[in-house]
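Below is one structure, written out as C-alpha coordinates; the observations come after it.
The values are calculated or read from the model by the stated rules, or taken from the named source; none is laboratory data. All values derive from a computational prediction rather than experimental measurement. Glycine also receives a Cβ, built like all others from the backbone with ideal geometry; neighbour counts cover every protein chain displayed.
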Amino acid sequence: MRWTGAPGGRWSDDRFRGDLIVEPGRRHDLVLEISDRPLPDRPDPDRLWDTTEERWQQGRPDLSGSAAPRDAQQAYVLLRGLTSPGGGMVAAATLGLPERAERGRNYDYRYVWIRDQAYAGLSGAVGDRALPLLDNALEFTTARLLEHGDRLAPAYRIDGSDVPDELELEQLPGYPGGVARVGNQANNQFQLDAVGELLQLLAAGARLDRLGHDHHQAIDVAIDVIERRWNKPDAGIWELDDAWWTQSRLCVVAALRAIGQQAPATQSARISALADAILAETTRRGLSRGGWWQRSPDDPGVDASLALPPVRGALAADDPRTVATLRQVEKDLVMDGHVYRFRPDERPLGAAEGAFTLCGFILSLAYLQQGNRLKAYRYFDIQRSVCGPPGILSEEFDVDQRQLRGNFPQAFVHALLLEGAQRLGADNTSGS
(Lines give C-alpha, C1' and ligand atoms only; values in the text may rest on other atoms or scores of the structure.)
Protein backbone atom coordinates (compact mmCIF):
# COMPACT_ATOMS: atom_id res chain seq x y z
CA MET A 1 0.00 0.00 0.00
CA ARG A 2 1.23 3.49 -0.82
CA TRP A 3 -0.41 6.80 0.06
CA THR A 4 0.79 9.84 -1.89
CA GLY A 5 -0.07 13.50 -1.54
CA ALA A 6 -0.38 13.94 2.23
CA PRO A 7 2.91 15.43 3.50
CA GLY A 8 3.39 15.10 7.22
CA GLY A 9 0.77 12.36 7.56
CA ARG A 10 1.32 9.67 10.14
CA TRP A 11 -0.21 6.45 11.39
CA SER A 12 -1.73 6.57 14.88
CA ASP A 13 -4.08 4.08 16.56
CA ASP A 14 -4.51 2.18 13.30
CA ARG A 15 -5.57 5.37 11.54
CA PHE A 16 -3.77 7.68 9.17
CA ARG A 17 -3.86 11.28 10.37
CA GLY A 18 -2.59 14.49 8.92
CA ASP A 19 -3.41 18.11 8.16
CA LEU A 20 -3.73 19.51 4.67
CA ILE A 21 -4.65 23.04 3.66
CA VAL A 22 -5.99 23.60 0.16
CA GLU A 23 -6.25 27.26 -0.82
CA PRO A 24 -9.46 28.54 -2.45
CA GLY A 25 -9.57 27.78 -6.15
CA ARG A 26 -6.76 25.24 -5.95
CA ARG A 27 -6.81 21.44 -6.20
CA HIS A 28 -4.73 18.74 -4.59
CA ASP A 29 -4.53 15.05 -5.51
CA LEU A 30 -4.43 12.26 -2.95
CA VAL A 31 -3.48 8.88 -4.41
CA LEU A 32 -3.96 5.55 -2.62
CA GLU A 33 -2.44 2.45 -4.25
CA ILE A 34 -3.19 -1.10 -3.08
CA SER A 35 -1.63 -4.10 -4.77
CA ASP A 36 -0.74 -7.76 -4.23
CA ARG A 37 2.62 -7.24 -5.90
CA PRO A 38 5.45 -4.65 -5.69
CA LEU A 39 4.26 -1.20 -6.70
CA PRO A 40 5.68 0.44 -9.84
CA ASP A 41 6.86 4.03 -10.08
CA ARG A 42 4.56 6.63 -8.57
CA PRO A 43 1.73 7.42 -11.01
CA ASP A 44 0.92 10.82 -12.44
CA PRO A 45 -2.45 11.94 -10.95
CA ASP A 46 -3.36 13.97 -14.04
CA ARG A 47 -2.89 10.90 -16.23
CA LEU A 48 -5.01 8.83 -13.85
CA TRP A 49 -7.84 11.38 -13.98
CA ASP A 50 -7.70 11.60 -17.78
CA THR A 51 -7.74 7.80 -18.17
CA THR A 52 -10.62 7.41 -15.74
CA GLU A 53 -12.74 10.07 -17.43
CA GLU A 54 -12.00 8.60 -20.86
CA ARG A 55 -13.03 5.09 -19.80
CA TRP A 56 -16.31 6.29 -18.25
CA GLN A 57 -17.09 8.39 -21.33
CA GLN A 58 -16.50 5.41 -23.62
CA GLY A 59 -18.78 3.19 -21.55
CA ARG A 60 -21.81 5.48 -21.50
CA PRO A 61 -24.67 4.79 -23.92
CA ASP A 62 -26.52 7.53 -25.74
CA LEU A 63 -29.53 8.38 -23.56
CA SER A 64 -30.27 11.73 -25.18
CA GLY A 65 -33.71 10.52 -26.22
CA SER A 66 -34.81 9.86 -22.65
CA ALA A 67 -37.08 12.19 -20.70
CA ALA A 68 -34.21 13.29 -18.43
CA PRO A 69 -30.92 12.58 -20.23
CA ARG A 70 -28.62 13.84 -17.49
CA ASP A 71 -30.38 11.91 -14.72
CA ALA A 72 -30.64 8.80 -16.89
CA GLN A 73 -26.92 9.00 -17.63
CA GLN A 74 -26.17 9.46 -13.95
CA ALA A 75 -28.33 6.46 -13.02
CA TYR A 76 -26.67 4.28 -15.65
CA VAL A 77 -23.15 5.21 -14.54
CA LEU A 78 -24.09 4.61 -10.91
CA LEU A 79 -25.53 1.15 -11.63
CA ARG A 80 -22.41 0.23 -13.58
CA GLY A 81 -20.29 1.50 -10.71
CA LEU A 82 -22.10 -0.81 -8.29
CA THR A 83 -21.44 -3.79 -10.58
CA SER A 84 -18.48 -6.11 -9.99
CA PRO A 85 -16.35 -7.62 -12.80
CA GLY A 86 -18.35 -10.86 -12.44
CA GLY A 87 -21.62 -9.09 -13.22
CA GLY A 88 -22.98 -8.94 -9.66
CA MET A 89 -24.44 -5.55 -8.70
CA VAL A 90 -24.66 -4.68 -5.02
CA ALA A 91 -27.98 -3.22 -3.86
CA ALA A 92 -26.28 -0.34 -2.05
CA ALA A 93 -22.76 0.82 -1.27
CA THR A 94 -23.21 1.68 2.40
CA LEU A 95 -24.26 0.30 5.78
CA GLY A 96 -25.20 1.78 9.13
CA LEU A 97 -27.53 4.45 7.72
CA PRO A 98 -30.92 3.98 9.45
CA GLU A 99 -34.30 4.35 7.79
CA ARG A 100 -35.47 6.47 10.73
CA ALA A 101 -33.24 8.89 12.63
CA GLU A 102 -32.32 7.65 16.11
CA ARG A 103 -34.67 4.66 15.78
CA GLY A 104 -32.51 1.89 14.39
CA ARG A 105 -33.75 -0.10 11.40
CA ASN A 106 -30.43 0.04 9.62
CA TYR A 107 -29.26 -2.80 7.41
CA ASP A 108 -26.41 -4.02 5.27
CA TYR A 109 -27.33 -3.99 1.57
CA ARG A 110 -23.80 -4.45 0.19
CA TYR A 111 -24.83 -7.68 -1.51
CA VAL A 112 -26.33 -8.69 -4.83
CA TRP A 113 -30.10 -8.86 -4.45
CA ILE A 114 -31.70 -10.95 -7.20
CA ARG A 115 -34.64 -8.55 -7.42
CA ASP A 116 -32.48 -5.43 -7.67
CA GLN A 117 -30.25 -7.06 -10.25
CA ALA A 118 -33.30 -7.96 -12.32
CA TYR A 119 -34.64 -4.39 -12.11
CA ALA A 120 -31.28 -3.09 -13.32
CA GLY A 121 -31.20 -5.63 -16.15
CA LEU A 122 -34.70 -4.66 -17.26
CA SER A 123 -33.67 -1.00 -17.32
CA GLY A 124 -31.03 -2.07 -19.83
CA ALA A 125 -33.61 -3.79 -22.05
CA VAL A 126 -36.00 -0.94 -22.87
CA GLY A 127 -36.95 -0.83 -26.53
CA ASP A 128 -34.94 -2.72 -29.10
CA ARG A 129 -31.42 -2.39 -27.70
CA ALA A 130 -29.56 -4.23 -24.95
CA LEU A 131 -27.28 -2.30 -22.60
CA PRO A 132 -24.52 -4.08 -20.63
CA LEU A 133 -26.74 -3.94 -17.56
CA LEU A 134 -28.88 -6.66 -19.15
CA ASP A 135 -26.02 -9.02 -19.90
CA ASN A 136 -24.48 -8.51 -16.44
CA ALA A 137 -27.78 -9.31 -14.76
CA LEU A 138 -28.38 -12.38 -16.92
CA GLU A 139 -24.90 -13.72 -16.23
CA PHE A 140 -25.09 -13.42 -12.45
CA THR A 141 -28.69 -14.39 -11.77
CA THR A 142 -28.74 -17.33 -14.18
CA ALA A 143 -25.73 -18.88 -12.47
CA ARG A 144 -27.40 -18.57 -9.06
CA LEU A 145 -30.70 -20.08 -10.26
CA LEU A 146 -29.02 -23.05 -11.92
CA GLU A 147 -26.94 -23.66 -8.81
CA HIS A 148 -29.70 -23.37 -6.21
CA GLY A 149 -33.07 -23.92 -7.94
CA ASP A 150 -35.92 -23.61 -5.44
CA ARG A 151 -33.36 -22.82 -2.75
CA LEU A 152 -32.60 -19.54 -4.53
CA ALA A 153 -31.66 -16.99 -1.87
CA PRO A 154 -32.78 -13.36 -2.06
CA ALA A 155 -29.17 -12.16 -2.12
CA TYR A 156 -25.56 -13.27 -2.57
CA ARG A 157 -22.05 -11.92 -2.23
CA ILE A 158 -20.58 -10.61 -5.47
CA ASP A 159 -18.67 -13.87 -5.91
CA GLY A 160 -21.92 -15.84 -5.69
CA SER A 161 -21.34 -17.15 -2.17
CA ASP A 162 -23.89 -16.95 0.64
CA VAL A 163 -24.65 -13.75 2.52
CA PRO A 164 -23.51 -14.08 6.17
CA ASP A 165 -25.89 -13.92 9.10
CA GLU A 166 -26.50 -10.45 10.51
CA LEU A 167 -23.98 -9.20 13.07
CA GLU A 168 -24.10 -5.88 14.91
CA LEU A 169 -20.89 -3.86 15.16
CA GLU A 170 -21.43 -1.92 18.37
CA GLN A 171 -18.05 -0.21 18.15
CA LEU A 172 -18.89 1.37 14.79
CA PRO A 173 -21.63 4.02 15.07
CA GLY A 174 -23.87 4.73 12.14
CA TYR A 175 -25.46 8.02 11.08
CA PRO A 176 -27.79 9.46 12.20
CA GLY A 177 -28.05 7.45 15.40
CA GLY A 178 -27.72 4.06 13.73
CA VAL A 179 -25.58 1.07 14.58
CA ALA A 180 -23.67 -0.65 11.82
CA ARG A 181 -24.72 -4.17 10.95
CA VAL A 182 -22.99 -6.56 8.56
CA GLY A 183 -24.71 -9.51 6.95
CA ASN A 184 -28.43 -9.74 6.43
CA GLN A 185 -31.14 -11.91 7.94
CA ALA A 186 -32.91 -12.18 4.58
CA ASN A 187 -30.37 -14.85 3.66
CA ASN A 188 -32.70 -17.51 5.07
CA GLN A 189 -35.84 -16.37 3.24
CA PHE A 190 -37.53 -17.53 0.07
CA GLN A 191 -39.01 -14.74 -2.02
CA LEU A 192 -41.28 -15.95 -4.80
CA ASP A 193 -41.35 -12.57 -6.50
CA ALA A 194 -37.57 -12.69 -6.94
CA VAL A 195 -38.01 -15.80 -9.10
CA GLY A 196 -40.66 -13.91 -11.05
CA GLU A 197 -38.39 -10.91 -11.58
CA LEU A 198 -35.61 -13.22 -12.76
CA LEU A 199 -37.96 -14.90 -15.24
CA GLN A 200 -39.03 -11.46 -16.52
CA LEU A 201 -35.34 -10.69 -17.02
CA LEU A 202 -34.86 -13.90 -19.00
CA ALA A 203 -37.90 -13.01 -21.12
CA ALA A 204 -36.34 -9.64 -21.92
CA GLY A 205 -33.12 -11.41 -22.86
CA ALA A 206 -35.04 -13.76 -25.14
CA ARG A 207 -36.81 -10.85 -26.83
CA LEU A 208 -33.44 -9.21 -27.57
CA ASP A 209 -31.76 -12.50 -28.58
CA ARG A 210 -29.25 -12.43 -25.70
CA LEU A 211 -29.76 -15.96 -24.39
CA GLY A 212 -27.56 -19.02 -24.56
CA HIS A 213 -27.96 -22.63 -23.47
CA ASP A 214 -27.65 -21.91 -19.74
CA HIS A 215 -30.28 -19.18 -19.94
CA HIS A 216 -32.80 -21.48 -21.61
CA GLN A 217 -32.10 -24.09 -18.96
CA ALA A 218 -32.67 -21.42 -16.31
CA ILE A 219 -36.08 -20.63 -17.84
CA ASP A 220 -37.15 -24.24 -17.32
CA VAL A 221 -35.86 -24.18 -13.74
CA ALA A 222 -37.68 -20.92 -12.94
CA ILE A 223 -41.00 -22.21 -14.33
CA ASP A 224 -40.57 -25.43 -12.35
CA VAL A 225 -39.90 -23.48 -9.13
CA ILE A 226 -42.98 -21.35 -9.71
CA GLU A 227 -45.13 -24.44 -10.34
CA ARG A 228 -44.04 -26.00 -7.07
CA ARG A 229 -43.86 -22.93 -4.84
CA TRP A 230 -46.46 -20.39 -5.99
CA ASN A 231 -49.17 -21.52 -3.58
CA LYS A 232 -46.87 -21.59 -0.55
CA PRO A 233 -46.17 -18.60 1.72
CA ASP A 234 -43.06 -16.53 1.01
CA ALA A 235 -41.33 -13.44 2.41
CA GLY A 236 -42.34 -11.16 -0.46
CA ILE A 237 -40.80 -8.02 -1.92
CA TRP A 238 -40.49 -6.30 1.47
CA GLU A 239 -38.85 -9.29 3.15
CA LEU A 240 -41.38 -9.68 5.95
CA ASP A 241 -42.79 -12.76 7.67
CA ASP A 242 -43.91 -15.54 5.35
CA ALA A 243 -47.44 -14.98 4.03
CA TRP A 244 -49.49 -15.46 0.88
CA TRP A 245 -48.40 -12.09 -0.54
CA THR A 246 -50.51 -10.96 -3.50
CA GLN A 247 -47.65 -9.08 -5.13
CA SER A 248 -45.52 -12.22 -5.33
CA ARG A 249 -48.27 -14.08 -7.21
CA LEU A 250 -48.96 -11.23 -9.62
CA CYS A 251 -45.23 -10.87 -10.25
CA VAL A 252 -44.92 -14.49 -11.39
CA VAL A 253 -48.07 -14.12 -13.51
CA ALA A 254 -46.40 -11.21 -15.31
CA ALA A 255 -43.24 -13.29 -15.73
CA LEU A 256 -45.10 -16.27 -17.15
CA ARG A 257 -46.99 -14.03 -19.59
CA ALA A 258 -43.70 -12.46 -20.73
CA ILE A 259 -41.80 -15.73 -21.19
CA GLY A 260 -44.84 -17.34 -22.82
CA GLN A 261 -44.64 -14.81 -25.63
CA GLN A 262 -41.08 -15.96 -26.36
CA ALA A 263 -41.64 -19.72 -25.98
CA PRO A 264 -42.53 -22.23 -28.71
CA ALA A 265 -46.24 -22.86 -29.19
CA THR A 266 -46.02 -26.29 -27.52
CA GLN A 267 -44.67 -24.73 -24.31
CA SER A 268 -46.62 -21.49 -24.51
CA ALA A 269 -49.96 -23.20 -23.86
CA ARG A 270 -48.69 -24.83 -20.68
CA ILE A 271 -47.14 -21.59 -19.46
CA SER A 272 -50.30 -19.63 -20.21
CA ALA A 273 -52.43 -22.18 -18.35
CA LEU A 274 -50.21 -21.88 -15.28
CA ALA A 275 -50.44 -18.09 -15.37
CA ASP A 276 -54.23 -18.26 -15.68
CA ALA A 277 -54.49 -20.65 -12.73
CA ILE A 278 -52.32 -18.46 -10.49
CA LEU A 279 -54.23 -15.33 -11.45
CA ALA A 280 -57.58 -16.99 -10.80
CA GLU A 281 -56.57 -18.14 -7.32
CA THR A 282 -54.97 -14.77 -6.57
CA THR A 283 -58.17 -13.03 -7.59
CA ARG A 284 -60.17 -15.34 -5.33
CA ARG A 285 -57.93 -14.78 -2.33
CA GLY A 286 -56.28 -11.42 -2.88
CA LEU A 287 -58.95 -9.11 -4.30
CA SER A 288 -60.61 -6.77 -1.81
CA ARG A 289 -64.32 -6.07 -1.68
CA GLY A 290 -63.53 -2.68 -3.19
CA GLY A 291 -62.07 -4.34 -6.26
CA TRP A 292 -58.39 -3.57 -5.66
CA TRP A 293 -55.57 -5.97 -4.86
CA GLN A 294 -54.98 -6.22 -1.14
CA ARG A 295 -51.62 -7.14 0.36
CA SER A 296 -52.58 -10.69 1.33
CA PRO A 297 -55.73 -12.64 2.20
CA ASP A 298 -55.07 -11.74 5.85
CA ASP A 299 -54.08 -8.09 5.28
CA PRO A 300 -56.75 -5.91 3.64
CA GLY A 301 -54.41 -2.97 3.12
CA VAL A 302 -53.11 -1.83 -0.25
CA ASP A 303 -49.44 -1.93 -1.27
CA ALA A 304 -47.72 0.35 -3.78
CA SER A 305 -45.75 -2.58 -5.21
CA LEU A 306 -49.05 -3.98 -6.53
CA ALA A 307 -49.06 -1.26 -9.19
CA LEU A 308 -46.03 -2.79 -10.97
CA PRO A 309 -47.22 -6.25 -12.14
CA PRO A 310 -49.76 -4.76 -14.61
CA VAL A 311 -46.93 -2.66 -16.08
CA ARG A 312 -45.02 -5.90 -16.59
CA GLY A 313 -47.97 -7.57 -18.29
CA ALA A 314 -49.83 -9.43 -15.54
CA LEU A 315 -53.06 -7.60 -16.42
CA ALA A 316 -54.20 -5.08 -18.97
CA ALA A 317 -54.03 -1.37 -18.19
CA ASP A 318 -57.82 -1.06 -18.40
CA ASP A 319 -58.51 -4.14 -16.28
CA PRO A 320 -60.83 -3.00 -13.43
CA ARG A 321 -58.43 -4.54 -10.87
CA THR A 322 -55.55 -2.53 -12.27
CA VAL A 323 -57.48 0.73 -12.26
CA ALA A 324 -58.97 0.21 -8.80
CA THR A 325 -55.59 -0.68 -7.27
CA LEU A 326 -53.88 2.36 -8.73
CA ARG A 327 -56.69 4.57 -7.47
CA GLN A 328 -56.49 3.06 -3.97
CA VAL A 329 -52.70 3.39 -3.79
CA GLU A 330 -52.95 7.06 -4.64
CA LYS A 331 -55.75 7.57 -2.14
CA ASP A 332 -54.14 5.76 0.78
CA LEU A 333 -50.36 5.88 0.29
CA VAL A 334 -49.45 9.21 -1.34
CA MET A 335 -48.54 12.46 0.40
CA ASP A 336 -47.28 15.53 -1.47
CA GLY A 337 -46.37 13.37 -4.47
CA HIS A 338 -44.30 10.96 -2.36
CA VAL A 339 -45.40 7.34 -2.19
CA TYR A 340 -45.26 5.05 0.82
CA ARG A 341 -45.04 1.30 0.30
CA PHE A 342 -47.89 0.40 2.72
CA ARG A 343 -49.38 1.41 6.07
CA PRO A 344 -47.61 -0.66 8.76
CA ASP A 345 -49.99 0.57 11.50
CA GLU A 346 -52.65 3.15 12.27
CA ARG A 347 -50.26 6.09 12.53
CA PRO A 348 -50.23 8.82 9.86
CA LEU A 349 -48.05 8.36 6.80
CA GLY A 350 -44.44 9.17 7.59
CA ALA A 351 -44.63 8.32 11.28
CA ALA A 352 -43.39 4.76 10.91
CA GLU A 353 -41.03 5.11 7.95
CA GLY A 354 -40.15 7.35 5.05
CA ALA A 355 -41.63 7.43 1.58
CA PHE A 356 -40.18 4.79 -0.76
CA THR A 357 -38.62 6.45 -3.78
CA LEU A 358 -38.94 3.19 -5.72
CA CYS A 359 -42.72 3.29 -5.28
CA GLY A 360 -42.92 6.78 -6.72
CA PHE A 361 -41.19 5.59 -9.89
CA ILE A 362 -43.55 2.60 -9.99
CA LEU A 363 -46.54 4.96 -10.02
CA SER A 364 -44.92 6.94 -12.81
CA LEU A 365 -44.67 3.78 -14.92
CA ALA A 366 -48.20 2.77 -13.98
CA TYR A 367 -49.71 6.09 -15.07
CA LEU A 368 -47.68 6.00 -18.27
CA GLN A 369 -49.30 2.63 -18.98
CA GLN A 370 -52.66 4.26 -18.31
CA GLY A 371 -51.87 6.94 -20.90
CA ASN A 372 -51.83 9.69 -18.25
CA ARG A 373 -48.58 11.40 -19.18
CA LEU A 374 -49.17 14.35 -16.85
CA LYS A 375 -49.27 12.16 -13.74
CA ALA A 376 -46.47 9.97 -15.06
CA TYR A 377 -44.18 12.98 -15.39
CA ARG A 378 -45.31 14.42 -12.06
CA TYR A 379 -44.35 11.32 -10.10
CA PHE A 380 -41.14 10.91 -12.11
CA ASP A 381 -39.99 14.49 -11.51
CA ILE A 382 -40.81 14.48 -7.79
CA GLN A 383 -38.85 11.27 -7.17
CA ARG A 384 -35.75 12.33 -9.09
CA SER A 385 -35.63 15.61 -7.18
CA VAL A 386 -35.13 14.03 -3.74
CA CYS A 387 -31.36 13.83 -3.92
CA GLY A 388 -28.35 15.77 -2.72
CA PRO A 389 -25.81 17.61 -4.92
CA PRO A 390 -24.20 14.36 -6.22
CA GLY A 391 -27.56 13.28 -7.66
CA ILE A 392 -27.67 10.10 -5.57
CA LEU A 393 -31.01 8.65 -4.42
CA SER A 394 -31.56 6.63 -1.26
CA GLU A 395 -34.16 3.97 -0.55
CA GLU A 396 -36.40 6.29 1.47
CA PHE A 397 -37.11 10.00 1.80
CA ASP A 398 -38.30 11.61 5.02
CA VAL A 399 -40.95 14.00 3.73
CA ASP A 400 -41.31 15.94 7.01
CA GLN A 401 -37.58 16.49 7.57
CA ARG A 402 -36.68 16.63 3.86
CA GLN A 403 -33.85 14.17 4.33
CA LEU A 404 -32.59 11.04 2.62
CA ARG A 405 -33.05 7.91 4.71
CA GLY A 406 -31.43 4.50 4.60
CA ASN A 407 -28.46 3.25 2.62
CA PHE A 408 -27.44 4.80 -0.67
CA PRO A 409 -26.94 4.75 -3.56
CA GLN A 410 -29.93 2.40 -3.67
CA ALA A 411 -29.65 0.43 -6.89
CA PHE A 412 -33.29 -0.45 -7.53
CA VAL A 413 -34.29 3.22 -7.22
CA HIS A 414 -31.83 4.25 -9.93
CA ALA A 415 -32.86 1.27 -12.05
CA LEU A 416 -36.49 2.43 -12.07
CA LEU A 417 -35.36 6.00 -12.74
CA LEU A 418 -33.38 4.81 -15.75
CA GLU A 419 -36.23 2.69 -17.04
CA GLY A 420 -38.80 5.45 -16.48
CA ALA A 421 -36.68 8.08 -18.23
CA GLN A 422 -36.34 5.86 -21.30
CA ARG A 423 -40.01 4.90 -21.42
CA LEU A 424 -41.18 8.49 -21.00
CA GLY A 425 -38.77 9.57 -23.72
CA ALA A 426 -40.01 6.85 -26.07
CA ASP A 427 -43.59 7.89 -25.33
CA ASN A 428 -42.75 11.46 -26.33
CA THR A 429 -41.19 10.26 -29.56
CA SER A 430 -44.16 8.11 -30.49
CA GLY A 431 -46.57 10.91 -29.61
CA SER A 432 -48.84 8.45 -27.85
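Of the residues Ala180, Ala137, Ala130, which is closer than 29 Å to Val77 by Cα and within 17 Å of the chain's Cα centre (by Cα)? Every option except Ala137 fails the conditions. In the condition set (1) in the same structural domain as Leu374 (by TED's automatic domain parsing); (2) in contact with a helix residue (DSSP H, G or I) (Cβ under 6 Å, 6 or more places away or on another chain), Asp29 is compliant with all but (1).
Each residue in region 146-162 was checked for being within 14 Å of Asp116 (Cβ to Cβ) and either part of a strand (DSSP E or B) or not assigned by TED's automatic domain parsing to the domain that holds Gly212 (or both), and 2 pass.
The set of residues from region 315-361 being within 11 Å of Ala304 (Cα to Cα), assigned to a loop (DSSP other than H, G, I, E, B) and touching a Phe, Trp or Tyr at 6+ places or on another chain (Cβ under 8 Å) comprises Tyr340, Arg341, Phe342. Picking from residues in region 158-173 that are more than 18 Å from Gly96 (Cα to Cα) and surrounded by 15 or more Cβ atoms within 10 Å (Cβ to Cβ), the one that is nearest to the chain's Cα centre (by Cα) is Ile158.
If you check Phe380 against the conditions, is it more than 22 Å from Pro98 (Cα to Cα), of a type in the set (Phe, Trp, Tyr) and under 17 Å from the mean Cα position of the chain (by Cα)? Spelling it out, Phe380 is indeed more than 22 Å from Pro98 (Cα to Cα), of a type in the set (Phe, Trp, Tyr) and under 17 Å from the mean Cα position of the chain (by Cα). For region 62-107, residues that are surrounded by 23 or more Cβ atoms within 10 Å (Cβ to Cβ), small (Gly, Ala, Ser) and within 17 Å of the chain's Cα centre (by Cα) total 5.
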